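Please treat every number below as a calculation from the coordinates, not as lab data. Quick caveat: nothing in here was measured; it's all calculated off a predicted structure. When we count neighbours, we look across all protein chains shown, and the Cβ atoms used for this are built from the backbone with ideal geometry, even at glycine.
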Amino acid sequence: DGGITQSPKYLFRKEGQNVTLSCEQNLNHDAMYWYRQDPGQGLRLIYYSQIVNDFQKGDIAEGYSVSREKKESFPLTVTSAQKNPTAFYLCASSIAAGALQETQYFGPGTRLLVL
Amino acid sequence: DQQVKQNSPSLSVQEGRISILNCDYTNSMFDYFLWYKKYPAEGPTFLISISSIKDKNEDGRFTVFLNKSAKHLSLHIVPSQPGDSAVYFCAVLDSGTYKYIFGTGTRLKVLA
């Protein structure tokens, strides 16, 4: 069954703590993305990766970090520098960034809450 | 500075009638457009897409129309069903940066 998995579904962060959100895909997609959704807002791009060992900042990268050591995995770390981390986080992938007219597919999301 | 706008935050439609969701964009170079459906606490699900070389694409009850001169696209759902109640996002693929740019969404409620 091909798809994108995100874990955990819910995550709680204490003040000053770093937390890591997992995203795995078995679609053999080259490109992966992280978005943040806040109430009443669209999806805002945090980071994206077009290929293994390479990634670029999106529109709201401050306070976040990523790695792309394997094609199927793109974990997102929410650092203590992110002052307003409470949101719904979505991971997505597409066959290849730069390939024209490719559809992007999403995981089920992780809701991050601050204690 | 929003490049993709969905100016109606919500829409209510009677079951069986047509739902029309609208989306405007600013960059005439965008050439691939997508619609997603999203339920609360779930990831968006791809619905339908259209390339700039077409002005209409149809898939079952869903039809997307593209008006390039007006930089406007719309999603038509007919007939609307209660299960269509969700938030709908339009998105464009910026082939220059390889980013997908999303609108803010329209919440559709189909009344039984």
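Tabulated values for the structure
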quantity: Prolate/oblate/rounded call for region B:60-101, Cα gyration tensor, a/c under 1.5 rounded; calculated: oblate
quantity: For the protein assembly as shown: rounded, prolate or oblate by the Cα gyration tensor [a/c cutoff 1.5]; calculated: prolate
quantity: Cβ neighbours within 10 Å from other chains - mean over B:93-105; calculated: 6
quantity: Sparse-neighbourhood loop sites, trypsin sites (Lys or Arg not before Pro) in region A:1-65 - DSSP loop, at most 10 other Cβ within 10 angstrom; calculated: A:Lys9, A:Lys14
quantity: Partners for A:Lys14 among lysines (Cα-Cα distance below 23 Å; same-chain residues under 8 apart left out); calculated: A:Lys83
quantity: Average partner coverage of A:30-43, which counts Cβ from other chains inside 10 Å; calculated: 3
quantity: Chain B: relative contact order as a whole-number percent, Cα under 8 Å and 6+ apart; calculated: 36 percent
quantity: Where the Cα pairs of chain A fall when distances are cut into 10 Å bins, in %; calculated: 15, 50, 29, 5, 0
quantity: Whole-angstrom Cα spans of chain B along principal axes, big to small; calculated: 43, 29, 21
quantity: Three-way shape label, region B:24-79, alpha-carbon gyration tensor, a/c 1.5; calculated: oblate
quantity: Chain A - charge dipole about Cα centre, Lys and Arg +1 at Cβ, Asp and Glu -1, debye rounded to 20; calculated: 380 debye
quantity: Options A:Leu115, A:Ser93, A:Gly58, ranked by Cα towards positive dipole end of region A:50-115, top entry (Cβ charges); calculated: A:Leu115
quantity: Electrostatic dipole magnitude of region B:9-97 [Cβ: Lys, Arg +1; Asp, Glu -1; Cα centre; debye, to 20]; calculated: 120 debye
quantity: Peptide B:33-44 - average C-beta neighbours from other chains (10 Å radius); calculated: 4
